[in-house]
Structure formats: structure tokens, C-alpha cells
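Q: There's a structure below that I have some questions on.
Any read-out appearing in this document is the output of simple, stated calculations on the displayed coordinates, not a laboratory observation. Note that the structure is a prediction, hence the values are computed from the model and not measured.
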Amino acid sequence: MLRLVSAAVKHVRRCTRAGCGRSAVATLTYIYSDSTAVVGPLATFAEPHSYDLCEQHALGLTVPRGWEVLRHEGEFPAPIPQVDDLLALADAVREAARPDSPRPEPVATATGRRGHLRIVPPTL
């Protein structure tokens, strides 16, 4: 049950740098044709060819010689939780608090044989 509940909750986007667990506040995108790396505010959606970075990695990004870095000026705003995220979290908490109902045990009513399986009546 917990696996189903946790799958319904969207996780906060994390920095994509290896070993970093901080929340992402910026998005890095490369423009290969212009040899440019663009670091801007966190994109609304995670894109396959962009990278989410925490503030430390966004400010400390270095690029190869000959490349240019365009950075967002000022501080990176903290990501605001989306309404969908908050509703999903509330639903998950409600689901986890709901008591489990007992499941009825299956009752075998007949004895027979189908292929390689056999139905055996319960012992009383």
C-alpha cells in the first residue's frame, strides 16, 4: 500500500549533479551551436535536454574554454509548491490514515482438475 501512495506524490525536483541532494532552483540548458550555457530560473517542467541545479551549482558552473555562460541575475527564487503537488500530498496522507478493511478469504466450492492445476477444498 505504501508503494502506491508514494507513487502518487510528486517529489520536489532535486539538483541533477551527482551526490547532491539539495532542491533545484535553476535550470541549465546548452546551446551547442552558439557554444553557450544558459543558467536561468527553474523551468516549469523538467525537460530531457536540460539540467536542474541547486543554487550552489548554478552559481559555480564552469564551461569549457571558448564557451560563454549566460546567468540569471539576482537570487534564484525558491520553487513554489504546485497546487497539484499539495493536493496529491493531502490525498496520500488521507489514504495512509484510512484503516485497512479485512479481506474475505477465498472459498473453494468445487473439487476438480483443469490442466495441471487441481482445486483442493479447504479443511474444516
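Q: Mind checking the full-extension length gain between A46 and R94? Use 0.36 nm per residue of separation minus the Cα-Cα distance, one decimal, nm. It would help to have the intermediate numbers written out before the result.
A: Working: separation 48, 0.36 × 48 = 17.28 nm, distance 2.80 nm.
Extra length from A46 to R94 when fully extended: 14.5 nm.
Q: What's the extension gain from T29 to E73 if we count 0.36 nm per residue and subtract their Cα-Cα distance? Don't jump to the answer; show the numbers that get you there.
A: Numbers: separation 44, 0.36 × 44 = 15.84 nm, distance 1.59 nm.
Additional length available on full extension: 14.2 nm.
Q: Same structure, new question: How much length would be gained if the chain were fully extended between T123 and C20, taking 0.36 nm per residue of separation minus their Cα-Cα distance, in nm to one decimal? Spell out each step's value before the answer.
A: Values: separation 103, 0.36 × 103 = 37.08 nm, distance 5.72 nm.
Gain on extension, T123 to C20, equals 31.4 nm.
Q: Which cross-chain or sequence-distant (5 or more) residues have an amide H under 5 Å from the amide H of R14, H modelled 1.01 Å from N in plane?
A: Long-range HN contacts for R14: A24.
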